[in-house]
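Below you'll find the structure, written out as structure tokens, and then a few comments.
The values are calculated or read from the model by the stated rules, or taken from the named source; none is laboratory data. Note that the coordinates shown come from a computational prediction; the quantities given were computed from them, not determined experimentally. In this analysis, Cβ positions are derived from the backbone assuming ideal geometry, glycine residues included, and neighbour counts consider all displayed protein chains.
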Amino acid sequence: MIRFNVPHITGNEVKYIENVIRWGRLSGDGYYSQQCRLFFNDEFGFKHNHLTTSGTDALEMAALLSRINPGDEVIMPSFTFVSTANAFVLRGAKIVFADCLSDHPNLDHTTLESIITKKTKAIVVVHYAGVACDMNPILQIAKQYDIVVIEDAAQAIDSYYFGRPLGTFGNYAAFSFHETKNINCGEGGLLVVNNEKDAQRAEIIREKGTNRSAFFRGEIDKYGWVDIGSSFLPSEILAAFLFAQLQGMKNIQEKRKQIWSNYNRELKIIEEFGYQLPVIPSYATNNAHMFYILCPSLEKRTSLIEYLRSDGITAVFHYLPLHLSNFYTKNLNGPTIKLPNCERYAETLLRLPLYSDLGENEQRLIIDKILKFVHSNKM
Ligand SMILES: *Cc1c(COP(=O)(O)O)cnc(C)c1O
């Protein structure tokens, strides 16, 4: 039995959690939260960063910070997780879906200008599989039309665009530490704020709309209700777990990249049979969040999934297009549109098991099974 994902444990998680229990301070923003904050600043230059209880929460904070009002339009890819859209739907936004690139599931920025209107308030880019969207043209369009940019960097920790860390490009960026991501604490997230103006407001929104963070720093002598907000901060128990993971990040990343390269090298041959391997544009790095193949058809993918499953190997497809979802078409009266690239990825993309503890023999088995399937199922 080979699972699709097994969360890696660095070894210090329990020890750090025990410290938290011993010190008797379990709520958020204590010692380990601070250690995580410093790590993100030192390692990636995330000057204003805030741990959240999920990537979804970080996106919801970004929507609040963007001051999205009912009727505002927000552009995003349709090939993404529901949270990318939900965060803005909760603010009353109208979602406008864009298609993917023909060679990568990331947003096709060349279609952006045709869907921007006077009501467009924000663009959300999703760095799919941790691979950077082409940020320069996107930022230029956003500047020209005065539109907020939000990076859904949920899968993109430790990944770069022209050498600069993802998460530093948009007005805001959201990362996820869900169990399925490279670095995890079960459920968790991070909001990065890239402008001074919003740094304090982010603190307030995250602390239930109060200026409690400033109070704890001794900057004011009492705290109260100053803005809208909610409870977005994780407890120290989660921060302790996460900090142990961050300390093991180099090791985790090295192993994941090794496994990714093995797949890429050993499966290259299937491109001669109508399959495609991932494309990493020259401006982007690969953080080995995901290894996927594109199958020649939905039917081929379905039988390959079944074939692997019969040997106990779990390979999985990914997003169902949001523009075709029940909720968008029925409840939000989303228009009928065609996004051919998005629909093709939804039907043909297959993700293979990838986690740092995937053994060499296990990976060999997965590769051999795929090669065998491809050779015996020629078109
Ligand atoms: C994982 C993920 C999210 C949600 O993160 P959670 O921490 O599970 O809330 C959002 N967007 C994308 C693209 C993701 O992959």
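Residues considered: 174, 129, 142. Of these, the only one that is touching a residue at least 12 places away in the same chain (Cβ under 8 Å), within 11 Å of the ligand (Cβ to nearest atom), surrounded by 17 or more Cβ atoms within 10 Å (Cβ to Cβ) and in a helix (DSSP H, G or I) is 129.
The rows are residues; the columns are (1) touching a residue at least 24 places away in the same chain (Cβ under 8 Å); (2) in contact with a helix residue (DSSP H, G or I) (Cβ under 7 Å, 6 or more places away or on another chain).
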residue	(1), (2)
39	yes, yes
42	no, no
45	yes, no
48	yes, yes
52	yes, yes
56	yes, yes
63	yes, yes
99	yes, yes
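Taking the stated definitions as given, is residue 29 of a type in the set (D, E, K, R), farther than 21 Å from residue 228 by Cβ and assigned to a loop (DSSP other than H, G, I, E, B)? So residue 29 fails the test. Counting only residues that are buried (at least 17 other Cβ atoms within 10 Å of the Cβ) and in a helix (DSSP H, G or I), region 8-26 holds 4 of them. Of the residues making up region 335-348, at least one is at pLDDT below 95 and among the polar types (S, T, N, Q). With respect to the conditions (1) away from the ligand (no atom under 16 Å from the Cβ); (2) of a type outside the set (Lys, Arg); (3) touching a Pro at 6+ places or on another chain (Cβ under 8 Å), residue 26 falls short on a single one, namely (3). Filtered by the rule that a residue be without any contact (Cβ under 8 Å) to a residue 12 or more places away in the chain and loosely packed, with under 13 Cβ neighbours inside 10 Å, region 307-357 gives 309, 310, 326, 330, 331, 333, 335, 336, 338. Here the condition is being in a loop (DSSP other than H, G, I, E, B) and either on the phi < 0 side of the Ramachandran plot or in contact with a Phe, Trp or Tyr (Cβ under 9 Å, 6 or more places away or on another chain) (or both); of 204, 237, 259, 228, it holds for 228 alone.
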